[in-house]
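Report on one structure; see the data block that follows.
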Amino acid sequence: MTTPEAIYHHPRSVPLRRRIPVRLVVGAARLLATQRPRRIRAVLEWLRRGARPATVEQAQAARDTVVAISLACGGREGCLPRSLATTLLCRLHGQWPTWCVGARNLPPFGAHAWVEADGVAVGEDYPPGYFRTLLTVESLSHEAESGS
């Protein structure tokens, strides 16, 4: 049995001049999402160079725009392309949120991908600690501050 889900999808809420780059970012994210985790990480690590850490507001605005434009990114099963598109859209503006992939801490197993900014999961309804983070790509500035 499936659970009904309402998805916010309203492309015209985004001005036309912004829709085209967002659609390109979503397309790139969907292609990147088909790659192996090692390849995704390598691409993201290369792209993050020179970006400032994103604030929660900047990352939330990027996520909201991605979800408004793309049905594929808006659904529950769209977490990987949504997180990648959000990260790429932030990068277009010179910002970088922390991109994360993890698994549910309690059974049954469930994988999830999301973005964080200032240590906060952006746009997620899950409580802190619900997922165990397995892979992250942080901003270079953030890594320098944390001594990684």
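When each of ALA85, ALA61, ALA29, ALA117 is tested for being modelled with pLDDT of 95 or more and in contact with a Cys (Cβ under 7 Å, 6 or more places away or on another chain), the lone residue that passes is ALA85. Hey, among the residues in the range 61-89 that are in contact with a strand residue (DSSP E or B) (Cβ under 7 Å, 6 or more places away or on another chain) and among the β-branched types (Val, Ile, Thr), which one's farthest from VAL43 (Cα to Cα)? Checking each candidate, the answer is THR86. Meeting the requirement of 2 or more residues that are crowded, with 24+ Cβ neighbours inside 10 Å, the helices (runs of 4 or more DSSP H) wholly within the range 36-94 are 56-69, 79-92. Scanning the range 90-115 for residues that are in contact with a strand residue (DSSP E or B) (Cβ under 9 Å, 6 or more places away or on another chain) and in contact (Cβ under 8 Å) with a residue 40 or more places away in the chain yields GLY94, GLN95, TRP96, PRO97, THR98, TRP99, VAL101, VAL115. Applying a threshold of 7 Å to beta carbon distances and a minimum spacing of six or more residues, or different chains, the list of pairs starting in the range 123-138 at a residue that is open to solvent by 90 Å² or more (accessible area, probe 1.4 Å) and ending at one that is hydrophobic (A, V, I, L, M, F, W, C) and not in a loop (DSSP other than H, G, I, E, B) reads ARG132/ALA103; LEU134/VAL101; LEU134/ALA103.
The values are calculated or read from the model by the stated rules, or taken from the named source; none is laboratory data. Source: prediction; values computed, not measured. Because the Cβ atoms are built from the backbone with ideal geometry, glycine has one as well, and the counts that use them run over all protein chains shown. For accessibility, only protein heavy atoms count, side chains too; no ligands or nucleic acids. Shrake-Rupley method; radii C 1.70, N 1.55, O 1.52, S 1.80 Å.
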